[in-house]
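S.K.: Sending over a structure as structure tokens; questions will come in a sec.
The values are calculated or read from the model by the stated rules, or taken from the named source; none is laboratory data. Owing to the predicted nature of the structure, the values given are computational and were not obtained by experimental measurement. Every residue, glycine as well, gets a Cβ built from its backbone with ideal geometry; the counts of neighbours run over all protein chains shown. Each accessible area value is taken on the protein alone, full model and side chains, heavy atoms only, with ligands, DNA and RNA left out. Shrake-Rupley method; radii C 1.70, N 1.55, O 1.52, S 1.80 Å.
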Amino acid sequence: MPEATAHRRGTALALLASTQLLLILDTAIINVALPSIGEDLGTDAAGLSLVANAYLVTFGGFLLLAGRVADLVGHRRLFTAGLALLSASSLGGAFAGDARLLVAARALQGVGAACAAAAAFALVLLLFADGPERHRALGVFAALGGLGGALGTVLGGVLTSGLGWRSTFALNVLVGAALIALTPTALASVPARRDRAAAGRAGGLREFDLGGALTATGGLSLIAYALVDAGSAGWTDGGTLLAGAAGVLLLAAFAVIESRAARPLVPPGVLGRPALRLANLLSALAQMALFPMFFLVSLYLQDVLEYPPVTGGLGLLPLSLVVVLTAPGTGRLVARFGLRPVMTAGFATVAAATGWLALSLSPDGSFATTVLAPSLLIGIGLPLVMVTTNVAATAQAAPGETGLVSGLVNTSQQFGSVLGLAVLVAVAAAHTRTAGPGAAAETAGFRTALLVGAAFAAAAALLTLLPRGVPRESADPKPSTHTSL
């Protein structure tokens, strides 16, 4: 690769990975600011739950649609539009005078984040050829994503304590505006579609699967709402069950529409690939184990060990630094040992480390004696899992499917995060209730929940061993192509 071309692609990757960091950071930062929001706006626990979850619901619900739209209207265009919507809605959140306006702003943030996330991931696939260079790029993407969770917790505490909760929304505005300003230069190496391709794209828009888009987005959003609502209202709550049932019905309608549509939102041939289905399942299982771990460890440090929020957030920083250091080298491991062995090793490492973490928790322990060592091992396993599942999920994507495939894998990861958090928090709460009051009971609840998370990772490790389940890497990577942009 010529040096100038490598530099341009490196600049583009820096922009796209920074966007991933921002989106994950926003998920974490709001949790720290919620108590201050409640005091300032006079919002109860139910209202604060809506503030936190509105973003997750629309983010998860719109990812699939955003990925397909990116293939039709252009990835750069949707990427910029998503960042613009995220920044504008964050500005609205910074000036929100009541909880209802803040919830609306958070919902729009989620839509913008879905557009930016799906387009950014698709752009990585298009800029970097299938093979070692794409693996390295996905490693960088995973590294900054892993850093976002810890930075969100730390920055949430610093900004809320020093400047107030509104500054957490202002941060999105500033970073989003900076990313938009850098986009024309950073993505200059991504050529626009030629007129002939544009004409084909226009035809695709005229035949856009509106019914599929409405039922898929509505169904995914309702299921996301049911999952996040279950964490506070309970799994047997009437509203939760109704939303979940309505979501399932809409997805059933989506399946019927897709079987009859001239240009389906998700072509049956795409979902008919066994390797893609398994890779998306593995992506969901990875997040079911990993995403709740960050939340539960933060709660343990603050509620049991009584660390302040900022210190609790800093406790996750060593893990994130290990991710940043090890993720870029994952591609070299795949090149040397193969995709399946590295993926299996990654899930086995996460399972073992999460189990170790669970058994290390103690009501009278400390960060150094309970969390530090196993969290560092999780930091080694996390990028192995994230990079390899992303490679497996996108290995068979044709140039015109990059947005769709990125939307699918992002949707799997987002729903894995939401489902894992809902399940593990419910497990922790139920075990704590049966164990009785006090720090020992809370610790027992966290321990049980983390063991369930370790079981998810162990199940994923076993699934990677399925015959022909994980796609084999091609010996000669295809040259990168930009014809879909």
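S.K.: Is it the case that residue 385 is open to solvent by less than 10 Å² (accessible area, probe 1.4 Å), touching a residue at least 60 places away in the same chain (Cβ under 8 Å) and under 14 Å from the mean Cα position of the chain (by Cα)?
M.R.: Numbers: open to solvent by less than 10 Å² (accessible area, probe 1.4 Å): yes; touching a residue at least 60 places away in the same chain (Cβ under 8 Å): yes; under 14 Å from the mean Cα position of the chain (by Cα): yes.
It is true that residue 385 is open to solvent by less than 10 Å² (accessible area, probe 1.4 Å), touching a residue at least 60 places away in the same chain (Cβ under 8 Å) and under 14 Å from the mean Cα position of the chain (by Cα).
S.K.: Those residues that are open to solvent by less than 40 Å² (accessible area, probe 1.4 Å) and among the hydrophobic types (A, V, I, L, M, F, W, C), I need them from region 440-451; list them, please.
M.R.: 441, 444, 446, 449, 450
S.K.: Let me ask something additional. Return the total of residues in region 347-375 being of a type in the set (S, T, N, Q) and surrounded by fewer than 22 Cβ atoms within 10 Å (Cβ to Cβ).
M.R.: So the first thing to find is which residues in region 347-375 are of a type in the set (S, T, N, Q), and the list is 349, 354, 360, 362, 366, 369-370, 375.
Retained after the next criterion (residues that are surrounded by fewer than 22 Cβ atoms within 10 Å (Cβ to Cβ)): 349, 360, 362, 366, 369.
Count: 5.
S.K.: Additional query: Need pairs with beta-carbon distance below 9 Å; first residue open to solvent by 10 Å² or more (accessible area, probe 1.4 Å) and within region 74-100, second part of a loop (DSSP other than H, G, I, E, B) and among the polar types (S, T, N, Q); sequence gap 6+ or separate chains.
M.R.: Cβ pairs passing all conditions: 98/43; 99/43.
One line per residue, one yes/no per condition, for (1) of a type in the set (A, V, I, L, M, F, W, C); (2) at pLDDT 80 or above; (3) in contact with an Asp or Glu (Cβ under 6 Å, 6 or more places away or on another chain); (4) within 19 Å of residue 99 (Cβ to Cβ):
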position: 5; (1), (2), (3), (4): no, no, no, no
position: 8; (1), (2), (3), (4): no, yes, no, no
position: 26; (1), (2), (3), (4): no, yes, no, yes
position: 30; (1), (2), (3), (4): yes, yes, no, yes
position: 36; (1), (2), (3), (4): no, yes, no, yes
position: 43; (1), (2), (3), (4): no, yes, no, yes
position: 54; (1), (2), (3), (4): yes, yes, no, yes
position: 67; (1), (2), (3), (4): no, yes, no, no
position: 70; (1), (2), (3), (4): yes, yes, no, no
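S.K.: Are there any pairs, at least 6 apart or on different chains, whose C-beta atoms fall under 8 Å, with the first in region 360-371 and of a type in the set (A, V, I, L, M, F, W, C) and the second open to solvent by 40 Å² or more (accessible area, probe 1.4 Å), and if so, which?
M.R.: Within 8 Å, the pairs are 361/447; 367/307.
S.K.: Residues to consider are 170, 114; find the one that is surrounded by fewer than 24 Cβ atoms within 10 Å (Cβ to Cβ) and part of a helix (DSSP H, G or I). Lay out the reasoning, then the answer.
M.R.: Working: 114 fails: surrounded by fewer than 24 Cβ atoms within 10 Å (Cβ to Cβ).
Among 170, 114, only 170 is surrounded by fewer than 24 Cβ atoms within 10 Å (Cβ to Cβ) and part of a helix (DSSP H, G or I).
S.K.: May I ask you to list pairs of residues, at least six apart or on different chains, whose Cβ atoms are under 9 Å apart, with the first in region 399-421 being open to solvent by 10 Å² or more (accessible area, probe 1.4 Å) and the second being among the hydroxyl-bearing types (Ser, Thr, Tyr) and not in a helix (DSSP H, G or I)?
M.R.: 399/481; 399/483; 399/484; 400/483; 400/484; 401/484
S.K.: Here's something else I'd like to know. Specify the residue that is modelled with the lowest pLDDT; the eligible residues are those in region 312-341 that are buried (at least 24 other Cβ atoms within 10 Å of the Cβ) and among the aliphatic types (A, V, I, L, M).
M.R.: Going through the qualifying residues, I end up with 316.
S.K.: Counting only residues that are in a helix (DSSP H, G or I) and of a type in the set (Ser, Thr, Tyr), which one in region 21-64 is surrounded by the most Cβ atoms within 10 Å (Cβ to Cβ)? Break it down into steps so the answer makes sense when it comes.
M.R.: Our first condition is that a residue be in a helix (DSSP H, G or I); within region 21-64, this holds for 21-41, 45-64.
Now narrow it down to the ones that are of a type in the set (Ser, Thr, Tyr): 27, 36, 49, 55, 58.
Values: 27: 21, 36: 16, 49: 18, 55: 27, 58: 24.
So the residue we want is 55.
S.K.: Let me ask something else about it. Could you please give the count of residues in region 253-271 that are touching a residue at least 24 places away in the same chain (Cβ under 8 Å) and within 23 Å of residue 226 (Cα to Cα)?
M.R.: 2
S.K.: Given the structure, is residue 274 open to solvent by 20 Å² or more (accessible area, probe 1.4 Å) and under 15 Å from residue 407 (Cβ atoms)?
M.R.: Details: open to solvent by 20 Å² or more (accessible area, probe 1.4 Å): yes; under 15 Å from residue 407 (Cβ atoms): no.
No, not satisfied.
S.K.: Given the residues 335, 345, 358, 351, which is the only one that is more than 30 Å from residue 118 (Cβ to Cβ) and out of contact with any Asp or Glu (no Cβ under 7 Å at 6 or more places or on another chain)? Give the derivation first.
M.R.: Working: 335 fails: more than 30 Å from residue 118 (Cβ to Cβ); 345 fails: more than 30 Å from residue 118 (Cβ to Cβ); 351 fails: more than 30 Å from residue 118 (Cβ to Cβ).
On inspection, the qualifying residue turns out to be 358.
S.K.: Does at least one position in region 208-222 carry a residue that is farther than 29 Å from residue 72 by Cβ, at pLDDT 80 or above, part of a helix (DSSP H, G or I) and not hydrophobic (A, V, I, L, M, F, W, C)?
M.R.: The answer is no, given that none of the residues of region 208-222 is farther than 29 Å from residue 72 by Cβ, at pLDDT 80 or above, part of a helix (DSSP H, G or I) and not hydrophobic (A, V, I, L, M, F, W, C).
Matching residues to (1) at pLDDT below 85; (2) open to solvent by 40 Å² or more (accessible area, probe 1.4 Å); (3) closer than 30 Å to residue 106 by Cα:
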| position | (1), (2), (3) |
| --- | --- |
| 148 | yes, no, yes |
| 161 | yes, yes, yes |
| 186 | no, no, yes |
| 195 | yes, yes, no |
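S.K.: Related question: Suppose we filter 359, 301, 282 for residues that are under 20 Å from the mean Cα position of the chain (by Cα) and either in a helix (DSSP H, G or I) or polar (S, T, N, Q) (or both); which single one remains? Quick ask: steps written out before the conclusion?
M.R.: Working: 359 fails: under 20 Å from the mean Cα position of the chain (by Cα); 301 fails: under 20 Å from the mean Cα position of the chain (by Cα).
From the options 359, 301, 282, the qualifying one is 282.
S.K.: I would also like to ask the following. Being surrounded by 22 or more Cβ atoms within 10 Å (Cβ to Cβ), modelled with pLDDT under 90 and under 23 Å from the mean Cα position of the chain (by Cα) is the requirement here; does residue 464 meet it?
M.R.: Taking the combined requirement at face value, the residue does not satisfy it.
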